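Peer 1: Here's a structure for you.
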There are 2 protein chains.
Amino acid sequence: MLKLSKRVEYGLLAVQEMARSRDTVVSAKDLATKFSISFTLLSKVLQQLVHAGYVRAYRGTRGGYALNVEAHTLTVANVIEAIEGRTAAIVDCQDVGEHDCSVSSCCTIREPLAVLRDRIADTFSSMTVAELVQPQVLPHVQTVQLVI
Amino acid sequence: MLKLSKRVEYGLLAVQEMARSRDTVVSAKDLATKFSISFTLLSKVLQQLVHAGYVRAYRGTRGGYALNVEAHTLTVANVIEAIEGRTAAIVDCQDVGEHDCSVSSCCTIREPLAVLRDRIADTFSSMTVAELVQPQVLPHVQTVQLVI
DNA sequence: GAATATACGACCTTTTTAGTCCGGAATTCG
DNA sequence: CGAATTCCGGACTAAAAAGGTCGTATATTC
């Protein structure tokens, strides 16, 4: 249905919160309580972000998580990819190594949809966690496409 | 996982095919056979496009479907919305009349995510069915955002 | 009237997502 | 040390969404 999963939503909430409190680590428990979300599910998401290298984990009492990169270099696309595996595929036949789409079927719309997929990926790459914390207050933004 | 549903994929295939053969009606059976997809599911999708007014249905022998609008005025966003109900919500709390997201939780990322949602909606609106039939051959397209 | 095609609701199956449980390992602190 | 705390990670269950089927009704052509 073209919606971000809870996992990604939780991941974004987490990294945003980490970006807000750069000086201290935040535990999964604190985050789950603050946002009233599932502790265990959030934990798994955090582990994925650790694996991706975006977040660093500290075990033991007073442990928790902290950003391992600068908030302005971490994009929403990075978070999505770390959690979902891939930013956006749009349709099945665009997954890598997928060549058995019903023969003549989707191959006629594959190319134009690939363009859309790339534009959407660009969109997710265009916003960083830093902007998630402090949204840009722009009077009005118009998106145009330049042919270069 | 942020992917278009089969329903939307079938819908796009259908309208694209109708745009290719403007002079004749195409039956659901023909479309299902041509693309090797489920006839009944495709039929439901076509009915949704009829309800939205984008496609016109002709019953009886030699009946079928035909576009009810110009291909260059029908956008991919139109098709998605007709079939899925809404273009893109990104997260639950952005659905209309949804104000009970876990209190403090998503409200901190709601605003910036709304920006992304709008940009994605723009992306889907930027491509018409006519372009689906004859993809624009652009050497390279760069998207920029102008503050006006 | 027979054949063909859409209309549409009820139903079933499969896949995905969301969420739980539990044993284990590292770290802090008394 | 040992207990409390916190991350780690796999196995598992439940709920929701997506994909797909079936049957019946209605309209149209020949």
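Peer 1: Which residues, taken from segment A:8-38, are within 10 Å of DNA strand D (Cβ to nearest atom) and either of a type outside the set (A, V, I, L, M, F, W, C) or open to solvent by 50 Å² or more (accessible area, probe 1.4 Å) (or both)?
Peer 2: Listed by number, the residues that qualify are A:Val25, A:Ser27, A:Lys29, A:Asp30.
Peer 1: Which of the residues belonging to segment B:22-45 are touching a strand residue (DSSP E or B) at 6+ places or on another chain (Cβ under 9 Å) and of a type in the set (Ser, Thr, Tyr)?
Peer 2: If the condition is that a residue be touching a strand residue (DSSP E or B) at 6+ places or on another chain (Cβ under 9 Å) and of a type in the set (Ser, Thr, Tyr), then B:Thr24, B:Ser27 are the ones that fit.
Peer 1: Follow-up. Considering only segment A:42-75, state which residues are part of a helix (DSSP H, G or I) and either away from DNA strand C (no atom under 16 Å from the Cβ) or polar (S, T, N, Q) (or both). Quick ask: steps written out before the conclusion?
Peer 2: Looking only at segment A:42-75, we keep the residues that are part of a helix (DSSP H, G or I), and these are A:42-51.
Hits for segment A:42-75 are A:Ser43, A:Gln47, A:Gln48.
Peer 1: A further question on this structure: Just to be sure before I move on: is A:Val79 at pLDDT 95 or above, buried (at least 19 other Cβ atoms within 10 Å of the Cβ) and either within 15 Å of the chain's Cα centre (by Cα) or more than 9 Å from chain B (Cβ to nearest Cβ) (or both) in the structure I sent?
Peer 2: yes
Peer 1: Here's a check for you: in segment A:20-41, which residue that is touching a helix residue (DSSP H, G or I) at 6+ places or on another chain (Cβ under 8 Å) and more than 11 Å from every other protein chain (Cβ to nearest Cβ) is nearest to DNA strand C (Cβ to nearest atom)?
Peer 2: Looking at the filtered set, the residue picked out is A:Leu41.
Peer 1: Which residue is farthest from the chain's Cα centre (by Cα), if the candidates are limited to segment A:39-56 and must be near DNA strand D (Cβ under 8 Å from one of its atoms) and more than 15 Å from A:Glu17 (Cβ to Cβ)?
Peer 2: Filtering first and then ranking leaves A:Thr40.
Peer 1: Conditions first: (1) more than 7 Å from chain A (Cβ to nearest Cβ); (2) open to solvent by 70 Å² or more (accessible area, probe 1.4 Å); (3) modelled with pLDDT under 85. B:Asp92 passes all but one, so which condition is the exception?
Peer 2: Result: B:Asp92 fails condition (2) only.
The values are calculated or read from the model by the stated rules, or taken from the named source; none is laboratory data. Nothing here was measured: the structure is a model prediction, and the numbers come from that model. Because the Cβ atoms are built from the backbone with ideal geometry, glycine has one as well, and the counts that use them run over all protein chains shown. Side chains included, ligands, DNA and RNA excluded: accessible areas come from the protein's heavy atoms. Shrake-Rupley method; radii C 1.70, N 1.55, O 1.52, S 1.80 Å.
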